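Taken together, the values in this text are just the output of simple stated rules run on the coordinates, not laboratory data. If you're wondering where the values come from, they're calculated on a predicted model, not measured in any experiment. Every residue, glycine among them, receives a Cβ derived from its backbone with ideal geometry; neighbour counts consider all protein chains shown.
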Amino acid sequence: MPPVVAERAATRRHRRFRLDRLSSPSRALAVLGLFSKDRAVWHADEINAALGYARATGYRYVKDLVAAGLLQKVAAGRYALGARIIELDFQLRQSDPVLLAAAPEMDALARRSGFDVVLSSLFGRALVVDTHRVGSNSSLRLEYGRGRPRPLFRGAAPKVMLASLPTAQLKGIYDAHAADVAAANLGASWTEFRERLAAIRRAGFYFSLGELEPGIGGAAIAILNHDRELLGAVTLVGSNAALEAAGAERLAAWLRVTADRIEAALP
């Protein structure tokens, strides 16, 4: 299977909901996960078929989402994402405590290092998303950007976040994605997977080159709250050559100072 096709298939698996275990509100919100750049409009019957909902149940969820502004009707029986999402995105930018604590430190890190700085989050068990980017190099073009789901097991940010999770949560991720873990060379068994992530956790950061995009690398560190629970990750991003020239020791030192300052600024 070509790498791009394999990656898209893996992303679909990562985003797949265990619908039988979700509460009613979560089942309604699962509808939103169907919409994408490639499929921006869905008919209500297609939504029901894709998610396995009974017709009456699925129609009720769609109606509720339209009432909440999360979906909008664009034609008879056909729906797209609604404007309420844009409002929520604005509210998030203004009120997210992690982003508010991280943004000024990311600006300072970008100026100090000369690299781009990216803030990422891990949602649930399967979704890695970049939430903020400070660019010091306008020529650097990244395939993944704010809000676009990223592969769960490739790149620096996902690995430091996975390494910071409790064992029980990590075991659930492994059980759901064992084949993807093996394909990413993170271990052919639960024991190997746990040991490799434990090594990343002991190192305190992770440095990757060309792992997510050719010629581009990243060095990442986890951001934890006051209870030492995972909130996200900050990554220095640049060309492989520039990152190698900076050296792992210097990258790690920059990241540790930044992570300490962000964590100290959290409420």
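Put a dot 7 Å past each Cα toward the Cβ at GLN91 and ALA168; how far apart are the dots in nm?
3.1
How do 34-41, 205-212, 61-68, 143-150 rank on mean C-beta neighbours within 10 Å, highest first?
My ranking of the peptides, most packed first, is 205-212, 61-68, 143-150, 34-41.
What does the net charge come to around GLY77 if you take all other residues with beta carbon closer than 13 Å to its beta carbon, with K and R at +1 and D and E at -1?
+2
Would you calculate the separation in nanometres between label points at LEU266 and ARG111, each defined as 7 Å from the Cα along the Cα-to-beta-carbon direction?
2.5
How far apart, in nm, are the 7 Å Cα→Cβ label points at TYR59 and ARG146?
Each label point is offset 7 Å from its Cα along the Cβ direction, giving 3.9 nm.
Take every Cα pair under 8 Å in region 96-265 that's 6+ residues apart, average their separations, divide by the length, and report that relative contact order as a whole percent.
24
Given an 8 Å cut-off on Cα distances and at least 6 residues of separation, report the relative contact order of region 187-267 as a percent.
This gives 23 percent for region 187-267.
Provide the net charge surrounding ILE216, with neighbours chosen by a C-beta distance below 14 Å and charges set as Lys +1, Arg +1, Asp -1, Glu -1.
-2
Rounded to the nearest 0.05, what FRET efficiency is calculated for ASP45 and ARG84 with R0 set to 25 Å and r the Cβ-Cβ distance?
Efficiency at R0 = 25 Å is approximately 0.60.
Could you tally the net charge around GLY247, taking each other residue with its Cβ under 15 Å from the Cβ of GLY247, Lys/Arg +1 and Asp/Glu -1?
Here the charged neighbours net out to +1.
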